[in-house]
1. Taking the range 198-215, which residues are modelled with pLDDT under 95 and either within 17 Å of the chain's Cα centre (by Cα) or more than 17 Å from D44 (Cα to Cα) (or both)?
2. Please state which one of D71, D77 is within 13 Å of L152 (Cβ to Cβ) and among the charged types (D, E, K, R).
3. Name every residue in the range 170-189 that is surrounded by 18 or more Cβ atoms within 10 Å (Cβ to Cβ) and among the hydrophobic types (A, V, I, L, M, F, W, C), in order of residue number.
4. Is it the case that the range 125-146 has a residue that's under 21 Å from G84 (Cα atoms), assigned to a strand (DSSP E or B), polar (S, T, N, Q) and touching a strand residue (DSSP E or B) at 6+ places or on another chain (Cβ under 7 Å)?
5. So in the range 113-129, with the set limited to residues that are within 14 Å of the ligand (Cβ to nearest atom) and more than 15 Å from the chain's Cα centre (by Cα), which one is surrounded by the most Cβ atoms within 10 Å (Cβ to Cβ)?
6. So, in the range 130-169, of the ones that are touching a helix residue (DSSP H, G or I) at 6+ places or on another chain (Cβ under 8 Å) and surrounded by fewer than 17 Cβ atoms within 10 Å (Cβ to Cβ), which residue ends up farthest from V205 (Cα to Cα)?
7. For residues that are assigned to a helix (DSSP H, G or I) and buried (at least 24 other Cβ atoms within 10 Å of the Cβ), scanning just the range 31-48, find the one that is nearest to the ligand (Cβ to nearest atom).
8. Condition (residue is at pLDDT 95 or above, within 23 Å of V178 (Cα to Cα) and within 11 Å of the ligand (Cβ to nearest atom)) applied to the range 86-108: is it met by at least one residue?
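The values are calculated or read from the model by the stated rules, or taken from the named source; none is laboratory data. Everything numeric in this text was worked out from a predicted model, so none of it was measured. All Cβ positions, glycine included, derive from the backbone under ideal geometry; neighbour counts span all protein chains shown.
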Amino acid sequence: MTDDHQESESHTEHGNRQETPAHPRTAADWDELYDSADRLWTTDVNPAVVAELGDLAPGTAFDLGCGEGADVRWLADRGWTVVGADISRVALERAAARDSREAITWTSFDVTTDDFGRRYDLVTASYFHIAADDEATLHKLAEAVAPGGTLLVVMHDPEGLRAHGRDPGEFLWPDDMVRILGDGWTVVTHETRERGIPAGGGHHVNDVVLRMVREPA
Ligand SMILES: C[S@@+](CC[C@H](N)C(=O)[O-])C[C@H]1O[C@@H](n2cnc3c(N)ncnc32)[C@H](O)[C@@H]1O
């Protein structure tokens, strides 16, 4: 997994981040990035999460790459029992310091090596971009969705990625995901839409949103 969210400038609209690793990959890279600012990302829930999940009846949820936890908090507010999972200890400590309610479990988790251990009614991944050669991570995410459950993936659009020096070809896109996962899934949403509030220093204007429901057992 990799990310384009960070900028080389010393200040963003979200926090006060200083110079950081260009493309964090390891837990240490991510910790360094989070350590570089009091806050990296907006405290507001992702607009695509609100649009896609606002009407869903609550159950169990797992947010992969939860970062500072805005989406997790929003889900818990709506009655979900949520696991906020991230490779970065710093991000998780920050998220837990902000919200320690019982409905939320903040978990240190590396999707490349750790197992989900069970299935969830909802699995989300916001701006957790999966590398094009990492189909295993996609399969793992999908396997963690219970029959009848929902998988929601939100990505920056290719323009937003290019603005940060990334080649969109580095990543798996919803078209790839639908093809790779194949039968057994219903695509509910597969579109690019305006984010509403641009992120990433104004570069991330559009989100690419994929919402799929797993066939009931
Ligand atoms: C761009 S941030 C997105 C944070 C949050 N979802 C949001 O939208 O604000 C990507 C997150 O994925 C986490 N991450 C990176 N690699 C990971 C891995 N292998 N397993 C779990 N989390 C990972 C990073 O620490 C980071 O918090």
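1. Within the range 198-215, the first condition is being modelled with pLDDT under 95, and the residues that meet it are 198-207.
Within the range 198-215, P198, A199, G200, H203, H204, V205, N206, D207 meet the criteria.
2. Numbers: D77 fails: within 13 Å of L152 (Cβ to Cβ).
So the residue among D71, D77 that is within 13 Å of L152 (Cβ to Cβ) and among the charged types (D, E, K, R) is D71.
3. First, the residues of the range 170-189 that are surrounded by 18 or more Cβ atoms within 10 Å (Cβ to Cβ): 171-174, 177, 181.
Correct list: F171, L172, W173, M177, L181.
4. So far as the range 125-146 goes, yes, one or more of its residues are under 21 Å from G84 (Cα atoms), assigned to a strand (DSSP E or B), polar (S, T, N, Q) and touching a strand residue (DSSP E or B) at 6+ places or on another chain (Cβ under 7 Å).
5. Residue satisfying both the conditions and the ranking: F116.
6. In this case the residue turns out to be H139.
7. Pass one, the range 31-48, residues assigned to a helix (DSSP H, G or I): 31-35, 47-48.
Filter once more, keeping what is buried (at least 24 other Cβ atoms within 10 Å of the Cβ): 34, 48.
Numbers: Y34: 7, A48: 10 Å.
Within the range 31-48, the match that is nearest to the ligand (Cβ to nearest atom) is Y34.
8. So the first thing to find is which residues in the range 86-108 are at pLDDT 95 or above, and the list is 86-108.
Still in the running and within 23 Å of V178 (Cα to Cα): none.
There is no residue in the range 86-108 that is at pLDDT 95 or above, within 23 Å of V178 (Cα to Cα) and within 11 Å of the ligand (Cβ to nearest atom).
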